[in-house]
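See below for the structure under consideration.
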């Protein structure tokens, strides 16, 4: 009968023990790796879920913004068309009475033409604000130039409009910012024609990496400081610009008035 030496038995036991330890160590490493992979997978799933939630939140914000814009446009169209149609109806009634009395005058007809032109221009402004091509800052500046020059020309006021915006500039303005700026510009033009007695207006439109600046200077008679708060609609203009995180500064003296508007872009 073959007898295995004790030393060999011990060696076998040691080798068997080492093998068990190695197998156990490998299994332990595999288990740790598997858990780590599971954790990484769960972390990835969590990050994907967060990204998906962020996308959904952005989509909801966009939809909310679009709905708000639709509501605003609907309200504007209702106000503009409603007011215009009511005015035309009223003026038509007046014309009817004038015809019956044989007192029809050219001014009565001109008033209907004026109201119709106002409605047409209002609709044109709304359609312009909806056109995504007009989001570009340089296109907005060009639109401002056309509007201001046409408006002031009716009052025989010379306009010098300077645009310092590079053609390759791809900065954009939101429809809300464009609409707000146009409302302020219209009010400024109205004040110039009605109150300033100016003969010349200089406008400078500039763009930097962080802001868009519009400066409007007229060579009129200026106004007293108290009008900053309770006259000429200046407080409303300032409030509108503040609502889009902009700055509205106005200075005036006997040599003219400067309106300095800046908004972030």
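The values are calculated or read from the model by the stated rules, or taken from the named source; none is laboratory data. These numbers were taken from a predicted model, which means no experiment stands behind them. FYI the Cβ positions are ideal-geometry reconstructions off the backbone, even for glycines, and counts take in every protein chain you see.
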Checklist entry - Could you say which residue among 149, 125, 111 is assigned by TED's automatic domain parsing to the domain that holds residue 64, at pLDDT 75 or above and buried (at least 16 other Cβ atoms within 10 Å of the Cβ)? => result 111
Checklist entry - Would the stretch 153-169 turn up any residue that is over 19 Å from residue 260 (Cβ atoms), modelled with pLDDT of 90 or more, surrounded by 17 or more Cβ atoms within 10 Å (Cβ to Cβ) and touching a helix residue (DSSP H, G or I) at 6+ places or on another chain (Cβ under 9 Å)? => result yes
Next on the checklist: If I ask for residues that are in a loop (DSSP other than H, G, I, E, B) and buried (at least 18 other Cβ atoms within 10 Å of the Cβ), which ones from the stretch 175-218 would you list?
Outcome noted: 198
Checklist entry - How many residues does the stretch 240-265 hold that are surrounded by fewer than 18 Cβ atoms within 10 Å (Cβ to Cβ) and farther than 19 Å from residue 195 by Cβ? => result 7
